[in-house]
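Notes follow the structure.
The values are calculated or read from the model by the stated rules, or taken from the named source; none is laboratory data. None of the values given here were measured: they were computed from a predicted structure. Cβ coordinates were reconstructed from backbone atoms using ideal geometry, including for glycine residues, and neighbour counts include every protein chain displayed. Heavy atoms of the whole protein, side chains included, go into the accessibility calculation; ligands, DNA and RNA do not. Shrake-Rupley method; radii C 1.70, N 1.55, O 1.52, S 1.80 Å.
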Amino acid sequence: MTGQSIEGYLATHDFFEGLDERSKKFLADSAVVRELSAGDILFSQAESADKFYLLRSGEVSVQVPALMGPALQIQKLKEGQILGWSWMIPPYRWNFQALALEDATVLEFDGSIILARCEQEPTFGYQLLKRFAALMSERLDAARQKMMDQWDPPGFA
């Protein structure tokens with residue numbers, strides 16, 4: 001991780017901007033570094049979700065698996081992007097799958113611990129919910145756009 005601590009990295013990351021130092025420290029303490037090899041599946045659709053990720057290096061594909069054939073790639077994520085919001089919303093199941101397109105390093109956050117803190121401290125929870133709601137909107141809009149590009153019947157908007 002280029003020698004920078006997790007806490008130091010979060011302190012400079014836009015997604016965490018505006019959170020108080022105590023919250024950033026808690027989030028840093030809830031994260032571990034995880035290495036991925038090209039082809040590794042980070043998570044699969046419909047599996048239990050209890051984590052989220054911050055991509056430190058490499059490239060990860062967010063996909064919708066197909067019943068037959070290759071998965072539909074929704075987005076390619078690169079360094080600095082956040083991945084995973086399903087840990088926050090019942091029924092706590094992944095809505096997409098994620099595949100490492102190349103060797104990658106992620107920060108893996110323990111969503112169970114963070115969710116418990118959100119319940120105990122509603123102000124902290126609301127701050128995270130606002131950030132993740134924007135991420136959800138972006139990811140779902142990308143999925144909608146990709147599906148429109150792939151399947152474009154007349155009159156479909």
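The table that follows gives values for the structure above.
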quantity	calculated
Those strands (runs of 3 or more DSSP E) lying entirely in the stretch 17-97 with at least 1 residues touching an Asp or Glu at 6+ places or on another chain (Cβ under 8 Å), in contact (Cβ under 8 Å) with a residue 12 or more places away in the chain and not basic (Lys, Arg)	31-36, 51-57, 72-77
Sole residue being out of contact with any strand residue (DSSP E or B) (no Cβ under 9 Å at 6 or more places or on another chain) and either of a type outside the set (Phe, Trp, Tyr) or under 23 Å from Tyr9 (Cα atoms) (or both), chosen from Met68, Met88	Met68
Positions within the stretch 26-57 being polar (S, T, N, Q), open to solvent by 40 Å² or more (accessible area, probe 1.4 Å) and farther than 21 Å from Lys78 by Cβ, in sequence order	Gln45, Ser48
Meets criteria (over 22 Å from Leu129 (Cβ atoms), assigned to a strand (DSSP E or B) and either among the aromatic types (Phe, Trp, Tyr) or at pLDDT below 95 (or both)) for Gln4	no
Output for the stretch 100-127, where each listed residue is under 15 Å from the mean Cα position of the chain (by Cα) and either among the polar types (S, T, N, Q) or modelled with pLDDT under 95 (or both)	Thr105, Ser112
